[in-house]
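Below: one structure, written as structure tokens.
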Amino acid sequence: MLHGDIPYVDVWDRKPIGLFLIYEFFHLFGPYRIWAYQIGALLSAWATSILCMKMARFIAPKTGAFLTGCLYLLWINGAQGIGGQAPVFYNLLITGAMLAIVTFLDQKQTKSLNRTGILVMALFGIAIQIKPTVVFEGIYAGLVLLWMTYQKTKSWSAILVNAFLWCGIALIPTLCVIGFYAGIGHFHDWWFANVSSIFLKQKTPHDSWKTFWHWIHWAVTITLLLLSIMILRALVIKQKPTKVSLIFITGWAWAAFAGFILFGCFSKHYALPLFAPFFINAAPLWQARMGRLWLIILVLWGGQRNLSEIKQARHMGSARDLKQITRLLSSPGGCVFNFGGPDIILDAVPYCPLTRLPFSAHLNSDTEKTALPVDPDTEMRRILALSPRYIIIGEDRSSNAGLNMSTNAILNERIKSAYKEIYRHKQDDENDNIVIFIKQ
């Protein structure tokens, strides 16, 4: 992008333009870009935890609010948030928007309702261009704002005016992006990546009960986490949830959870948007002995998940491994084609535009094969016809139910006839997670 490539046209993915722009900014730091995005993610997570604490103070004592901020930081790390996942950045916008509503509910100043609505919808509008799934929480916030409009004015005309105004503000960032792509003659590319391709993805296959459980166990964990907080709060907190801010924050948690369930993808990092509303709702538990015990258990559980993520990250590979791979791919230099290996490798070597589908999860995924802008088999043959000097493959592919067997067969045939293995990284005693071949 810094050299003129355009997302969806020259480099394809279905991420919104906001995420592309965030990482384009971090790449301005050149050799320090990894430090830049980690520092950016750290500051965003820290600021979000502060907003969580501030919001929790409306419904809970200081210690409970403080633990809310701590729990947010602990649990995002334990759900693959230790890198720069999109929710680490947009959670700050969403939590800020919800805090604005809670502040208004507490102050009850009619004259600031319009300003609150404008601020909230502007933040959601920006967030949508980082991750569209925030629309569930955005709809909830919008409906609450319209309900507050009715409570303050008793006027249907005021509701209609505010509805058009606030929806229009939320749509401004998206309309600007659409206008840009329409202006350069690539509206179809934007539409396919951001809308059409989402509905063309195949369901994730499961070849055994073990893989199926691996897919859904996080959804079960998240469901039990929310239910434990809500049920325990109802049982041990004697004060009924009549405070309007508590009712609003409770509704936020359920709206976020509905988006998670309806989206239907239960990987760990898809739960990252849930931890702010969940743990803000847990803050009042500090008022009761059983509640305090559960909060402490959640802190310890979150800490254990952190240790597990760190162990897994070290298990997959180290900075030393990456440096070794980078040196190997640079002597001699040449184009690198990545089929299932870590995408960071392509950021560590000189860029070579072999394909507009550089991300490894596209051409090697059975789920993606009907949702790409080109036929994956045709694209695989075109790439291999360019004779990339290096080919990287990922984990053991023999038992991977989600693998695109067609593109895999095309690649295997080419490797056998024209490439030789030069590197193999052992993930454990049974599996390899990186294998590199060089053209003979």
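The values are calculated or read from the model by the stated rules, or taken from the named source; none is laboratory data. Quick caveat, the model's predicted, so the values are computed rather than measured. Methodologically, a virtual Cβ is constructed for each residue, glycine included, from the backbone with ideal geometry; neighbour enumeration extends over all protein chains shown. All accessible areas refer to the heavy atoms of the entire protein, side chains included, with ligands and DNA or RNA removed. Shrake-Rupley method; radii C 1.70, N 1.55, O 1.52, S 1.80 Å.
Annotations for the structure displayed:
- Condition check for Ile126: over 23 Å from Ala41 (Cα atoms), hydrophobic (A, V, I, L, M, F, W, C), open to solvent by 20 Å² or more (accessible area, probe 1.4 Å) and at pLDDT 95 or above: no
- Within the range 381-403, the set of residues being assigned to a loop (DSSP other than H, G, I, E, B) and modelled with pLDDT of 90 or more comprises Leu386, Ser387, Pro388, Arg389.
- Looking across Val195, Val134, one residue alone is farther than 17 Å from Gly96 by Cα and of a type outside the set (D, E, K, R). It is Val195.
- Residue in the range 150-157 that is over 26 Å from Phe257 (Cβ atoms), part of a helix (DSSP H, G or I), open to solvent by less than 40 Å² (accessible area, probe 1.4 Å) and not polar (S, T, N, Q) present: no
- Subset of the range 69-83 that is in contact with a Leu (Cβ under 9 Å, 6 or more places away or on another chain) and more than 9 Å from Gly302 (Cα to Cα) - its residue that is modelled with the highest pLDDT: Gly69
- Any hit, the range 224-233, residues being touching a Gly at 6+ places or on another chain (Cβ under 8 Å) and either under 22 Å from Val299 (Cα atoms) or not hydrophobic (A, V, I, L, M, F, W, C) (or both): yes
- Filtering the range 406-421 to residues that are closer than 24 Å to Asp366 by Cβ, open to solvent by 20 Å² or more (accessible area, probe 1.4 Å) and in a strand (DSSP E or B) leaves nothing.
- Residue list for the range 353-380, restricted to those being among the acidic types (Asp, Glu) and part of a helix (DSSP H, G or I): Asp377, Glu379
- Taking the criterion of being within 19 Å of Ala219 (Cα to Cα) and either open to solvent by less than 20 Å² (accessible area, probe 1.4 Å) or among the aromatic types (Phe, Trp, Tyr) (or both), the residues of the range 283-304 that qualify are Leu298, Trp301, Gly302.
- Comparison of Cys167, Cys176 shows that the only residue that is open to solvent by 40 Å² or more (accessible area, probe 1.4 Å), assigned to a helix (DSSP H, G or I) and in contact (Cβ under 8 Å) with a residue 24 or more places away in the chain is Cys167.
- All conditions in (1) within 30 Å of Met405 (Cβ to Cβ); (2) crowded, with 21+ Cβ neighbours inside 10 Å hold for Gly317, with the sole exception of (2).
- Some residue of the range 329-346 being hydrophobic (A, V, I, L, M, F, W, C), part of a loop (DSSP other than H, G, I, E, B) and within 26 Å of the chain's Cα centre (by Cα): no
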